[in-house]
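Below: the structure, in structure tokens.
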Amino acid sequence: MCHSELIGQQMVLAIYINGHFYLVPSKIILFVFFSFNTMAQENEEKTVVGLSSSDPMPINKPDHGILLVLRLVAFFATASATIVMALNKETKTLVVATIGSTQVKVTLTAKFQHTPAFVFFVIANGMASLHNLLMIAINIFGSKTDYKGLKLAVVAILDMLNVALISGAANAAAFMAELGKNGNKHARWDKICDKFDTFCNHGGGALIASFMGLGLMLAISVISIIKLLKPKPTNHILFP
């Protein structure tokens with residue numbers, strides 16, 4: 001049982017224990033309370049942290065496994081598109097006229113250099129392949145070469161540029177591929193895929209690989225932006 005009274009100019013606390021009253025000044029109660037509170041805070045800091053000035057708190061690095069796999073698959077996709085389109089070539093001998101019983105034949109060759117859109121396609125996918133190869137090397141060997149977070153910003157910008165580059169090249173090549181397959185009756189452009197079927201099939205495969213690389217690069221770009229916007233944990237160095 002406790003009871004407080006004002007005796008003279010000092011607040012005292014009357015404590016009833018075993019049939020006797022004991023008068024304890026309030027200053028002593030406050031001193032004991034704050035002493036125990038300070039000791040508890042110091043013990044809590046030492047127990048939770050337990051670090052010295054020479055041993056900073058370790059920070060767990062984010063897992064780059066998913067991003068590395070995406071870059072590797074994107075590299076193979078864009079590299080395949082580049083190689084298939086760059087080696088795409090077909091030569092055929094066609095009958096262009098018949099004079100009496102004699103056929104006039106012409107040998108024609110279809111290759112990607114004849115279409116500026118296909119040339120742009122090869123260059124763009126080749127640059128995207130080199131970009132992904134460089135980023136893979138940086139992720140593996142250059143994990144410590146980051147200056148004030150600039151690496152994340154540069155990587156995110158380069159990823160977005162490569163997405164735009166592949167998107168433009170793949171869509172331009174897809175337009176020309178559709179024109180070669182179906183032609184344009186209004187402009188009187190004849191289709192050529194009925195004559196150069198192997199050339200068109202290889203070009204279609206290159207387009208599929210390029211669009212796969214585009215989707216993967218878009219996912220990589222989103223992950224790079226998320227990593228850039230994600231707040232970094234701060235180090236708190238405490239002393240025992």
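The values are calculated or read from the model by the stated rules, or taken from the named source; none is laboratory data. Keep in mind it's a predicted model, so treat the numbers as computed, not measured. Cβ placement follows ideal geometry from the backbone for every residue including glycine, while neighbour counts extend to all protein chains displayed.
Scanning region 64-85 for residues that are under 26 Å from V119 (Cβ atoms) and free of Cβ contacts under 8 Å to residues at least 40 places away in the same chain turns up F76, I83. Per the listing A170, A164, the residue uniquely assigned to a helix (DSSP H, G or I), of a type in the set (G, A, S), touching a Leu at 6+ places or on another chain (Cβ under 7 Å) and more than 30 Å from V95 (Cβ to Cβ) is A170. If you check V104, V155, V95 for being assigned by TED's automatic domain parsing to the domain that holds I223 and at pLDDT 85 or above, only one passes: V155. If you go through region 154-205 and pick out every residue that is touching a His at 6+ places or on another chain (Cβ under 7 Å) and exposed (fewer than 13 other Cβ atoms within 10 Å of the Cβ), you end up with 0.
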